[in-house]
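Only one structure is covered here, and it is reproduced in the block below.
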């Protein structure tokens, strides 16, 4: 049944690396709880107590707003094949924006995508496992290409415009950190 650890053990690291999807949960001090599913090979374990994931431009930016306000973040991984298992990582998160020294040291660990918005890092202080007996089996068929194709067609300049228009505040009005991006230069063809 449930076990609690103060760091990500080798067994838990192996389990996490085998999962194709994970969930990120954050909440403001007052307001709506947010839970987001993530995929696309964007999660990295940096050390037994530090993780990061590459965050793409999307319809909202709740995670960044919430961790800027209070830092709280939880990641959940479920076994959808094989032995049942659930792993939760609890910690304090930070938003790392493109152009910062920390971005430059982290980005090489991730695939490069048009529409990359930020990297979310977290210092993990609690790791818990639970049975997962009620989690159903699902078959992994591959990654969806929709988001990648969308931003590839639009380009980074359009992603930046979208971020400034749609990702500057949470649904509860909390501000989000955004990079100051210059539009891509037009080239003569």
Going by the conditions given, is residue 129 outside any loop (DSSP other than H, G, I, E, B), within 17 Å of residue 41 (Cα to Cα) and touching a helix residue (DSSP H, G or I) at 6+ places or on another chain (Cβ under 9 Å)?
no
For the stretch 63-86, give me the residue count where each residue is closer than 28 Å to residue 149 by Cβ and in a loop (DSSP other than H, G, I, E, B).
2
Scanning the stretch 23-38 for residues that are surrounded by 15 or more Cβ atoms within 10 Å (Cβ to Cβ) and either over 16 Å from residue 109 (Cβ atoms) or over 9 Å from the mean Cα position of the chain (by Cα) (or both) gives 24, 25, 26, 27, 28, 31, 34
Pull up the stretch 49-62, narrow it to residues that are touching a helix residue (DSSP H, G or I) at 6+ places or on another chain (Cβ under 9 Å) and not in a strand (DSSP E or B), then point me to the one that is surrounded by the fewest Cβ atoms within 10 Å (Cβ to Cβ).
59
Kindly indicate whether residue 143 is exposed (fewer than 14 other Cβ atoms within 10 Å of the Cβ) and modelled with pLDDT under 95.
yes
Options 89, 46, 106; residue that is surrounded by fewer than 18 Cβ atoms within 10 Å (Cβ to Cβ), modelled with pLDDT of 95 or more and part of a strand (DSSP E or B):
46
Any chance the stretch 14-26 includes a residue that's over 30 Å from residue 158 (Cα atoms), in a helix (DSSP H, G or I) and in contact (Cβ under 8 Å) with a residue 60 or more places away in the chain?
yes
Matching residues, the stretch 132-167, being over 26 Å from residue 65 (Cα atoms) and part of a helix (DSSP H, G or I)
149, 153
Hits in the stretch 114-140 (condition: crowded, with 18+ Cβ neighbours inside 10 Å, within 25 Å of residue 176 (Cβ to Cβ) and touching a strand residue (DSSP E or B) at 6+ places or on another chain (Cβ under 7 Å))
115, 116, 117, 118, 119, 120, 121, 122, 124
Looking only at the stretch 63-85, count every residue that is surrounded by 21 or more Cβ atoms within 10 Å (Cβ to Cβ) and over 11 Å from the mean Cα position of the chain (by Cα) and tell me the total.
4
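The values are calculated or read from the model by the stated rules, or taken from the named source; none is laboratory data. Note that the coordinates shown come from a computational prediction; the quantities given were computed from them, not determined experimentally. So basically every Cβ, Gly included, is an ideal-geometry build from the backbone, and we count neighbours across all protein chains shown.
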